[in-house]
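Working notes for the structure below.
The values are calculated or read from the model by the stated rules, or taken from the named source; none is laboratory data. Note that the coordinates shown come from a computational prediction; the quantities given were computed from them, not determined experimentally. Note that we place each Cβ from the backbone using ideal geometry, even for glycine, and neighbour counts take in every protein chain shown. Side chains included, ligands, DNA and RNA excluded: accessible areas come from the protein's heavy atoms. Shrake-Rupley method; radii C 1.70, N 1.55, O 1.52, S 1.80 Å.
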Amino acid sequence: MRRTHGRLRPALAVAVAAALVFTSCTEGDERGGFRPGAADLADPYVPGAGNGGYDVDNYRLAVRYDPPTDRLTGRAVVTATATAPLSRFNLDLAGLDVSRVTVDGGPAGSARDGDELVVTPPDGLPRGARFTVEVDYSGVPTAKADGQLGSGGFLHTDDGAIALGQPWSAAAWFPVNDHPADKATYDIEVTVPDGLAALSNGVPGERTRADGWTTWRWAERAPMASYLTTLVIGDYRVQTGTHAGRPMVTAVPASLPAAGPEAASLARTGEIADFLASRFGPYPFDSYGGVVVSDGRVGYALETQSRPVYGPGFFRGGRPNPGVVAHELAHQWFGNSVALSRWRDIWLNEGFASYAEWLWEEHDGGRTAQRNFELEYAATDWSRPVVDPGRSGLFGTAVYKRGALTVHALRRTVGDDTFFRILRTWTAERRGGNATTEDLIALAERVSGKSLRPFFDAWLVGGTAPALP
């Protein structure tokens with residue numbers, strides 16, 4: 001994600017070590033040793049997010065949205081594996097009404113507890129059991145505000161809707177284990193009135209029409225964190241083609257000029273992705289693209305998987321902005337393919353994406369990465385740490401800019417050949433998974449053959465300016 005200015009972006013957080021997502025259960029036995037899965041991962045950044053006791057494999061979503069009434073109806077089929085013997089488990093779902101729940105085709109008990117849907121299957125689920133939950137739901141979806149971190153969720157617009165936000169948004173429009181450590185594949189179909197586009201993640205599928213409604217289909221076959229899902233509905237100029245043998249889907253609001261800075265920026269998506277692949281390794285997904293939105297409430301750009309969404313603030317100068325495209329595309333490697341295990345390590349997303357802006361600027365004839373490094377080094381407040389920046393600093397300057405400084409300082413410390421080998425090894429070995437800062441340090445030491453702990457301590461969390469390498 002990238003902001004248009006210094007204030008915090010709309011966001012809510014979910015964060016905790018990955019292992020807790022898959023194994024944590026509340027104390028006490030029920031029904032012959034089966035226990036309820038954890039309903040709260042005790043995340044210090046945003047309490048109450050995520051659920052334990054299971055690992056989702058796939059979400060199959062079918063939603064219908066009527067803009068005049070702002071009403072959404074949906075059916076979610078969630079395929080998961082129990083990682084503990086479960087008597088019941090939770091899904092995150094905010095505000096929407098649930099009319100039916102089944103587990104493996106049989107009626108299941110359900111109850112609401114705030115933004116939690118508590119599901120009780122007819123029989124306990126043994127550890128290792130693969131099961132399917134089907135949920136029918138409906139209502140008027142809403143955004144969710146937080147005093148420190150802004151808001152995310154489902155925004156009603158003049159001609160449709162935008163489902164977007166980091167780290168919280170998915171639970172506003174479907175039942176989900178809303179934590180980045182529990183990545184899954186997705187099949188998404190969205191039915192909207194004829195004439196409107198319904199854009200989401202992944203490869204576009206068959207589009208069908210019936211009785212004044214059009215159904216758009218999308219499939220993301222690479223594991224995806226829930227906050228990286230998106231749904232953009234409205235009057236858009238959609239362009240579909242191919243790049244490097246993969247589908248390319250871009251969209252700009254029909255109200256904007258066809259040759260405006262927004263369209264010109266998206267037109268460079270393939271070129272920029274190819275440049276980043278030359279530095280980071282093969283592009284990790286089956287499709288490319290991007291969507292521009294014109295709603296002023298979206299004061300950021302977000303790296304929604306395979307199809308980033310760009311807010312209007314990045315194009316106010318009337319000129320193309322390939323830098324923000326480079327930032328969000330870099331996230332496809334750093335943050336999407338290699339995702340967070342815990343939110344305290346968000347610099348692994350934002351530091352590398354910010355550094356990618358420097359690489360692209362130099363490649364595109366602008367300032368060198370070294371010059372950007374020098375300017376940022378001189379302006380940095382070294383009292384603000386990069387790792388575990390605190391709730392109010394989750395999207396602060398230190399995460400982005402000091403994070404980028406750390407990346408370039410690593411390059412200067414180990415040399416170009418070793419540096420880019422570290423990046424390509426990281427994206428290859430961790431592809432489709434999750435990681436922590438400790439994982440990166442261990443890999444950098446292995447590839448470089450150097451002891452780098454003192455270096456990372458100084459650049460990531462030290463309270464004074466580190467010596468220039």
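Observations on the model:
- Hits in the stretch 438-469 (condition: of a type in the set (Val, Ile, Thr), open to solvent by less than 40 Å² (accessible area, probe 1.4 Å) and over 22 Å from residue 283 (Cβ atoms)): 441
- Of all residues in the stretch 396-417, those that are free of Cβ contacts under 8 Å to residues at least 12 places away in the same chain and outside any helix (DSSP H, G or I) total 1.
- Here residue 122 does not qualify as in a loop (DSSP other than H, G, I, E, B) and within 30 Å of residue 212 (Cβ to Cβ).
- Residues that are polar (S, T, N, Q), closer than 29 Å to residue 350 by Cα and touching an Asp or Glu at 6+ places or on another chain (Cβ under 8 Å) number at least 1 in the following strands (runs of 3 or more DSSP E) confined to the stretch 142-258: 184-193.
- Unmet requirement for residue 287, which otherwise passes all of (1) touching a residue at least 60 places away in the same chain (Cβ under 8 Å); (2) under 24 Å from residue 420 (Cβ atoms): (2)
- Filtered by the rule that a residue be of a type in the set (S, T, N, Q) and over 11 Å from the mean Cα position of the chain (by Cα), the stretch 164-196 gives 177, 185, 191.
- Tabulated pairs, the stretch 441-469, first within 25 Å of residue 379 (Cα to Cα), second among the polar types (S, T, N, Q) and at pLDDT 95 or above, C-beta under 7 angstrom, 6+ apart or interchain: 455/413; 459/406; 460/406; 463/383; 469/413
- The test for being at pLDDT 95 or above and either open to solvent by 20 Å² or more (accessible area, probe 1.4 Å) or out of contact with any strand residue (DSSP E or B) (no Cβ under 8 Å at 6 or more places or on another chain) (or both) does not hold for residue 175.
- Selection status of residue 277, surrounded by fewer than 24 Cβ atoms within 10 Å (Cβ to Cβ), hydrophobic (A, V, I, L, M, F, W, C) and outside any loop (DSSP other than H, G, I, E, B): yes
- The residue that is surrounded by the fewest Cβ atoms within 10 Å (Cβ to Cβ), counting only those in the stretch 418-437 that are touching a residue at least 40 places away in the same chain (Cβ under 8 Å) and of a type in the set (A, V, I, L, M), is 428.
- The residues in the stretch 423-469 that are touching a Ser or Thr at 6+ places or on another chain (Cβ under 7 Å), part of a helix (DSSP H, G or I) and under 28 Å from residue 221 (Cβ atoms) can be counted, and the count is 2.
- Residue in the stretch 58-69 that is acidic (Asp, Glu), closer than 30 Å to residue 160 by Cβ and either at pLDDT below 90 or part of a strand (DSSP E or B) (or both) present: yes
- Complete set of residues in the stretch 126-142 that are open to solvent by 10 Å² or more (accessible area, probe 1.4 Å) and of a type in the set (A, V, I, L, M, F, W, C): 129, 140
- Candidates 88, 112, filtered to the one that is touching a strand residue (DSSP E or B) at 6+ places or on another chain (Cβ under 6 Å), open to solvent by 20 Å² or more (accessible area, probe 1.4 Å) and part of a strand (DSSP E or B): 88
- Out of 167, 107, 180, one residue alone is of a type outside the set (Lys, Arg) and open to solvent by 20 Å² or more (accessible area, probe 1.4 Å). It is 107.
- So residue 99, is it part of a strand (DSSP E or B), closer than 18 Å to residue 53 by Cα, open to solvent by 50 Å² or more (accessible area, probe 1.4 Å) and in contact with a strand residue (DSSP E or B) (Cβ under 9 Å, 6 or more places away or on another chain): no
- Residue 452 fulfils the conditions (1) within 28 Å of the chain's Cα centre (by Cα); (2) farther than 14 Å from residue 388 by Cβ except for a single criterion, (1).
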